[in-house]
1. Once you have the Cα-Cα distance between Q69 and F43, take 0.36 nm times their residue separation minus that, and quote the gain in nm to one decimal.
2. Taking amide H positions as placed in the peptide plane 1.01 Å from N, state which residues far from L86 in sequence (5 or more) or on other chains have amide H under 5 Å from it.
3. Taking H as built 1.01 Å from N, whose amide H comes closer than 5 Å to the amide H of F52, not counting residues under 5 places away?
Amino acid sequence: MADSEGTAPESRSLRVGVEAEPQLHDLAERIADDLRDDLERRFPEIAWRVEFGAGKPNDPQARIAELVQDARQLLLENGWDLIVCLTDIPLSGGARGRIRLPAIATDRRRCLNRR
């Protein structure tokens, strides 16, 4: 779509980091293969780049807040706009039970849990 002067607006791009523990690397690759396409289909005005991180084992005794803080640190270190972290550590959500999908941390310090 062009602006009032007839020029195309500047394209916005976002970088999504995918971090996975080593044992989940194959799953992360399968997810990442479809992630960019899904994001572009849902948000066509944004150019999406999906990148893999190094991926290291998480401490099985870590609390959710620690995992989210680690994810935020990786996001900042790599200059990503969003991060998806895959772990096979069961995350306890307190009285509500387990969290079924990993938390997503953004550079705005928001944490969203999808159910």
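Only the coordinates and a few stated rules stand behind these numbers; no lab work does. If you're wondering where the values come from, they're calculated on a predicted model, not measured in any experiment.
1. Working: separation 26, 0.36 × 26 = 9.36 nm, distance 2.71 nm.
Once the chain is fully extended between Q69 and F43, it gains 6.7 nm.
2. E19, A20, E21
3. So F52 has HN proximity to V18.
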